[in-house]
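The values are calculated or read from the model by the stated rules, or taken from the named source; none is laboratory data. Keep in mind the model is a prediction, meaning the values are calculated, not measured. Neighbour counts are summed over all protein chains in view; Cβ atoms, including those assigned to glycine, are modelled from backbone coordinates with ideal geometry. Surface areas here come from the heavy atoms of the whole protein model, side chains and all, with no ligands, DNA or RNA. Shrake-Rupley method; radii C 1.70, N 1.55, O 1.52, S 1.80 Å.
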Amino acid sequence: MCDCGKSDLTLLDGVLAEYASVRGSLITILQKAQEIYGYLPTDVLYRVAEATGSTPAKVMGVATFYTQFRLTPVGKHLIMLCKGTACHVNGADAVEKAICEELKIKDGETSDDGLFSLKTVACLGCCSLSPVMMIDEDTYGSLTPAKAVEIIRTIKGGDAA
Amino acid sequence: MKIVIGEGSCGIAAGAQKVYDALAPLLNGTDINLGITGCIGMCFLEPIVDLYDKGLLLKRLVKVTPEQAGVIAEAVKANDLTALKALEITDEDKGFLDKQTRIALRHCGVIDPEDLDDYLAADGYKALEKVLTAMTPEDVIEEIKTSGLAGRGGAGFPTWFKWNAARNAAGDEKYLICNADEGDPGAFMDRAVIESDPHQLIEGMLIAAYAIGAKEAFVYVRAEYPLAIVRLEKAIKDATAKGYLGNNILGTDFSCRLRIKAGAGAFVCGEETALIESLEGSRGMPRLKPPFPAEKGYENKPSNINNVETFANVSWIILNGGQAFAAMGTETSKGTKVFALTGKIKRGGLVEIPMGLTLRDVIFDIGGGIRGGKRFKAVQLGGPSGGCIPEALLDTVIDYKALSATGAIMGSGGMVVMDETTCMVNMARFFLDFTTKESCGKCVHCRIGTKRMFEILTRITEGEGRPGDIELLEELCEAIRSGALCGLGQTAPNPVLTTIKYFRDEYEAHINEKRCPAGECAALRTYVINKDACKGCTLCAKKCPVSAISGEVKQPHAIDAAKCIKCGQCKTVCRFGAVEVR
Ligand SMILES: Cc1cc2nc3c(=O)[nH]c(=O)nc-3n(C[C@H](O)[C@H](O)[C@H](O)COP(=O)(O)O)c2cc1C
Ligand code: FES
């Protein structure tokens, strides 16, 4: 399934002008590209390979190694649910179950309305407030299953208003 | 008067920014200063608002809500703080700080991390000045040697030795790297140091760069720490503008450039050679050692890597002398160590203690013990590379050697406390789930061995354990420990080995009796209704998704164990606590 030729590659020009010739910048370039496109489309990976003089395989290898990189689009809001040790001990599994039931998705998926994607991570560094999740830029702590669902509904309501 | 709000990531998550935004307009037009600081360490009391007068802490207000901004502003404006009594920290909670000694965290929660002048007023960059004007690189290394400082990133290797090796390595082009990947899920001291005291890290790194002869330095920061990156970027800019960083630092011929590299989410990149691969823009797969980074590191040039907390101790050592640092601690472990105290603990947060206190001191005296009246079961140290220590060993002193002897490790300082409701087999499974996902796949032992262990542990927690599983796990542990390429694989067996060693009875209960003593493993739970407590309200029967509950109205209900899918709905909805798990 190639989506080559669909992305507006000119959006990358600025990033490539700044970093393409700086050695060791592949990860930085992919991070910036993901900020632009929301994920890493295949044609973007080819463009990065060409501009940095790497093989497409090397670029793909890096893109698939790190969990930050996504090869498919995400929903409007990204839920990062922590399943680190502290959050595990304080009940992150039950919170995950509640979120999955509310949105009818599993870890790594996006809800049918395209509003939410769920991604579990290990430690957001706010362990003393565990269990913790981050939705977009905001961190929510001391979660219970009910509280997590309420937060999601509030965001959804805010979007609809 | 000055009002200071603790705004580390956890403070902000608890609502500190909202308190700030509520207070700011109320103080307009007054001579009262409103400022921020980093992480105070008392995460269990966030958001925290400190009131200062002429640099002295007058009052610490805790668990402050935006709604309380009005009361606070009025009291401060009227210079009458009696109305704030109810918000003040209790004497009991103040005890959190009693046994602590703060070196690495000494400015955290005190100074404004975004204000270089605040850092300078707290003797900031004085150690750098001393080093550049009055000490040779050899003097610096000697002072660090005297201090006994060992790496705080996990392995506890003597810092002076690494610096010396990098200094003596052949070549002019050398690199200094700070490991701020903080991969142990449950540890957050590195984040706190960067967010709360970024110049401290910069100063420590500059002193190290001078000692080894590096002109280029990197901080490799975990992607999940956006605020740390923002504050460090600002600190680098400010320090460069004032001549503490860049060319001809403080007018000397020492120059050093510092760059931030954001990680992209991979635990193995905390391993130093994998980190170097990642810095070079590749997949973060560890290299075979030797050659060590001191010889061939970044771009195959001599490099030295240290952890954030290691660097955060350096300027204190230079200013106070290595002797003063070495005076704290035990025979084999000097100075202090920061721990992130979390889990089922009453008072969770960041704790910095002199080496040599016991685990009990930290968990019970500082942390206040277990919350919710439950019993302590175990404490996990060192994350996925570490182990679980049982109650019987709580008097173990905190030092590298004593902790290793238990089968756990000092690690980077994650200390996750568990109570009787935590299943130790499931805990081991949790860590193996983590290591299988984070294994880079380069070596077979780690890639496949951890997966097999994970499968066995999953089977056990699902009630499919077989006689011989424990021995099989032990055999796999030994094979992986001796065969894996890097520390990730070599230490992955630790959570399994320590839980088998100290909680073998829990494994046996799962395998032989199909029972989870902690009641955590869903597949091994049996839900029953206590006939005496049940009022026959029918709520559970209505909510049960598989209609496994039956009974007449106002008569005790019963669960059909054959139909029950153990979802726990009935227990959640019951208002009389009549549903019991066995
Ligand atoms: C799998 C693995 C993960 C590691 N993660 C970290 C980490 O997140 N932070 C860290 O400072 N050291 C980590 N280390 C240790 C580093 O390899 C290295 O020893 C350390 O950064 C050296 O600094 P120090 O001497 O100041 O402790 C890790 C090691 C392994 C094997
Ligand atoms: S373990 Fe969840 S924030 Fe650290």
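List of remarks:
- Dipole of region A:9-65 computed with +1 at Lys/Arg Cβ and -1 at Asp/Glu Cβ about the Cα centre; of A:T42, A:Q31, A:S54, farthest Cα towards the positive end is A:S54.
- Counting, for every residue in B:422-429, the Cβ atoms of other protein chains within 10 Å of its Cβ and taking the mean gives 1.
- Contour excess over end-to-end distance, with Cα ends at B:D123 and B:F576 and 0.36 nm allotted per residue: 157.1 nm
- Nonlocal amide H pairs with B:E352, under 5 Å, H built at 1.01 Å: B:T101, B:F339
- In chain A, the longest principal axis of the Cα atoms and the axis of helix A:56-65 are about 20 degrees apart.
- Per-residue mean of C-beta atoms belonging to partner chains within 10 Å, peptide A:127-138: 5
- Rg/Rh for region B:145-213, where both radii come from Cα atoms and Rh is the Kirkwood radius: 0.99
- Less than 5 angstrom separates the built amide H of B:Y175 from those of B:S303, B:N304, all sequence-distant by 5 or more or on a different chain.
- Scalar couplings 3J(HN,Hα) for region B:331-343, obtained by applying the Karplus form with A = 6.51, B = -1.76, C = 1.60 to θ = phi - 60°, are 3, 9, 10, 9, x, 10, 9, 8, 10, 9, 8, 9, x Hz; x denotes Gly and Pro.
- Extent along principal axes [Cα atoms of region B:214-321; Å; largest to smallest]: 40, 32, 27
- Estimated FRET transfer efficiency when R0 is 45 angstrom, pair B:D532-B:R466 (beta carbons, to 0.05): 0.70
- Average partner coverage of B:224-237, which counts Cβ from other chains inside 10 Å: 1
- Pairwise FRET efficiency - B:Y52 versus B:K237, Cβ, R0 = 30 Å, nearest 0.05: 0.65
- Under 17 Å from B:K542, Cα to Cα: lysines that are on another chain or at least 8 residues apart: B:K554, B:K563, B:K566, B:K571
- Taking all pairs of distinct alpha-carbon atoms in the protein assembly as shown, Kirkwood radius in angstrom: 27.4 Å
- Column: log10 I(q)/I(0), Debye, Cα scatterers of region B:116-326, q = 0.12 Å⁻¹: -0.55
- Per-selection Rg to Rh, region A:9-65 - Cα, Kirkwood hydrodynamic radius: 0.90
- Extension gain for B:E455-B:D365 works out to 28.5 nm (0.36 nm per residue, less the C-alpha to C-alpha distance).
- Working note: Karplus 6.51/-1.76/1.60 with θ = phi - 60° gives region B:375-386 the couplings 8, 5, 10, 7, 10, 9, 10, x, x, x, 9, x Hz, where Gly and Pro are set to x.
- Rounded to two decimals, the Cα radius of gyration of chain B over 2.2 N^0.38 Å is 1.07.
- Excluding same-chain neighbours fewer than eight residues apart, the aspartates and glutamates reachable from A:K83 by a Cα-Cα span under 14 Å are A:D93, A:E96, A:D107, B:D184, B:E224, B:D433, B:E438.
- Under the span-like rule (Cα at least 30 Å along the axis, Kyte-Doolittle mean at least 1.6), DSSP H helices of chain B: none
- When the GluC sites (Glu not before Pro) in region B:265-337 are filtered for DSSP coil states and for at most 11 other beta-carbon atoms within 10 Å of their beta-carbon, the remaining sites are B:E331.
- Note on A:K58 and A:D112: their simple-model spin labels are 4.5 nm apart, each label 7 Å out from Cα toward Cβ.
- J(HN,Hα) series, region A:26-38, from Karplus relation 6.51 cos²θ - 1.76 cosθ + 1.60, nearest Hz, glycine and proline x: 4, 5, 4, 4, 5, 5, 5, 4, 5, 4, 6, 9, x
- Given chain A, longest segment not containing exposed loop trypsin sites (Lys or Arg not before Pro) (DSSP; at most 11 other Cβ within 10 Å): A:24-103
- Spatial offset of region B:147-166 relative to region B:185-244 amounts to 18 Å, using the alpha carbon center of each.
- Accessible surface of the protein assembly as shown [probe 1.4 Å, protein heavy atoms]: carbon and sulfur percent: 52 percent
- Peptides B:99-110, B:196-207 ordered by packing proxy, namely the average of other Cβ atoms within 10 Å per residue, highest first: B:196-207, B:99-110.
- Rounded if a/c under 1.5, otherwise prolate or oblate - region B:424-512, Cα gyration tensor axes: prolate
- Computed over protein heavy atoms with a 1.4 Å probe, the accessible surface of region A:1-160 works out to 46 Å² per residue.
- The contact between chain A and chain B removes approximately 3100 Å² from the accessible area (both sides summed; 1.4 Å probe; ligands, DNA and RNA excluded).
- Amide H within-cut-off set for B:G329, under 5 Å, with H built and near neighbours excluded: B:G335, B:M355
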